[in-house]
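The values are calculated or read from the model by the stated rules, or taken from the named source; none is laboratory data. Keep in mind that what you see is a predicted model, and the values were worked out from it rather than measured. A quick note on method: Cβ atoms are made from the backbone with ideal geometry, for glycine too, and the neighbour counts reach across all protein chains shown.
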Amino acid sequence: MENSSKTISDSVLRKFFLEVYSISAFTLRFFKEVLKPPYELNELLKQSFLVGYKSLPLIAITGFIIGLVLTIQSRPTLAKFGAESWLPAMVAVSIIREIGPVITALIFAGKVGSGIGAELASMKVTEQIDAMQVSDTNPFKYLVVTRVLSATLMLPLLVIFADALGLCGSYIGINIKGDVSAYLYFSQVFQSLEFNDVIPAIIKTVFFGFAIGIIGSYKGYNSNKGTEGVGKAANTSVVFASLMVFIIDMIAVQIASLLQN
């Protein structure tokens, strides 16, 4: 029994380290390919449009609801301590620093990460990737590099957009049970925000986007052939990308706190 459990644990560890090695090699290959010409600028623009513009409605609704709900839920607690006037500042710092970037990245992972994984896996199943290799086209540069770059570039812009709509939602939430002018509200918001609140939050979204793009591409590009592989690639892309968002966020918070001290 002990030998059996030891064998299972060894097998799990072997699979884990093999997966880490494969993703690391895949990432190194990305950095090699991204620097070498020719550059697929047209495909990059196309993927940026699909990744960014097509995600705007979902990101906009999510950001607005986050600001609205956070404000409505926080008001009673602050009212108990007579600190209702701090509501705009508290919501602004919460959204800009943490809630906006992380929630937007998770939505992005669910929509874009799964889409990249499923698309590349279906291309692998239908042997389109093999056909590109035969026709002397570099499928890695055309399919993977463009998608990873578009995810890396578009997520920070989507987060900024979601943060702005979150603050607008918060303004509406405050005025549900009060009467605060837009000028007073946004004056309090911008007075509460500092350089150290905004820049680190935007920088970490670049890493969020890169992780989502690379994991989705890796799972799709290396999926097993068959229709089952397409679904598995889409599912595992979302799971691992979401996990990486939390891990990167934890590391970013620790680095930011060390730099501030």
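Val144 fails exactly one of the following numbered conditions: (1) at pLDDT 90 or above; (2) closer than 17 Å to Ile99 by Cβ; (3) of a type outside the set (Lys, Arg). What is the number of that condition?
(2)
Sort through Leu106, Leu153, Leu68 and tell me the only one that's more than 30 Å from Gly173 (Cβ to Cβ) and crowded, with 18+ Cβ neighbours inside 10 Å.
Going through Leu106, Leu153, Leu68 in turn, just one is more than 30 Å from Gly173 (Cβ to Cβ) and crowded, with 18+ Cβ neighbours inside 10 Å: Leu153.
Residues checked against (1) in contact (Cβ under 8 Å) with a residue 60 or more places away in the chain; (2) touching a helix residue (DSSP H, G or I) at 6+ places or on another chain (Cβ under 9 Å); (3) in a helix (DSSP H, G or I):
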| site | (1), (2), (3) |
| --- | --- |
| Arg29 | yes, yes, yes |
| Lys32 | no, no, yes |
| Leu45 | no, yes, yes |
| Thr77 | no, no, yes |
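For the range 179-236, which positions are under 22 Å from Leu259 (Cα atoms) and touching a Lys or Arg at 6+ places or on another chain (Cβ under 7 Å)?
Asp197, Ala201
Just give me the residues in the range 55-64 being within 15 Å of Gly110 (Cβ to Cβ), over 15 Å from the mean Cα position of the chain (by Cα) and either surrounded by 14 or more Cβ atoms within 10 Å (Cβ to Cβ) or modelled with pLDDT of 95 or more (or both), in sequence order.
Selection gives Ile61 alone.
Among Ser237, Ser223, which is the only one that is in contact with a Leu (Cβ under 8 Å, 6 or more places away or on another chain), closer than 28 Å to Glu119 by Cβ, modelled with pLDDT under 95 and polar (S, T, N, Q)?
Selected residue: Ser223, the only one of Ser237, Ser223 that is in contact with a Leu (Cβ under 8 Å, 6 or more places away or on another chain), closer than 28 Å to Glu119 by Cβ, modelled with pLDDT under 95 and polar (S, T, N, Q).
Could you look through the range 198-255, keep only residues that are among the hydroxyl-bearing types (Ser, Thr, Tyr) and in a helix (DSSP H, G or I), and pick out the one that is surrounded by the fewest Cβ atoms within 10 Å (Cβ to Cβ)?
That would be Thr227.
Name the residue that is farthest from Ile215 (Cα to Cα), counting only residues in the range 79-129 that are of a type in the set (D, E, K, R) and touching a Lys or Arg at 6+ places or on another chain (Cβ under 8 Å).
Here the answer is Glu84.
Within the range 166-187, how many residues are assigned to a helix (DSSP H, G or I), hydroxyl-bearing (Ser, Thr, Tyr), within 14 Å of Ser85 (Cα to Cα) and out of contact with any helix residue (DSSP H, G or I) (no Cβ under 7 Å at 6 or more places or on another chain)?
Result for the range 166-187: 1.
List pairs: first in the range 123-152 and within 21 Å of Val112 (Cα to Cα), second surrounded by fewer than 18 Cβ atoms within 10 Å (Cβ to Cβ) and hydroxyl-bearing (Ser, Thr, Tyr), Cβ under 8 Å, 6+ apart or cross-chain?
Note: pairs meeting the criteria are Val125/Thr227.
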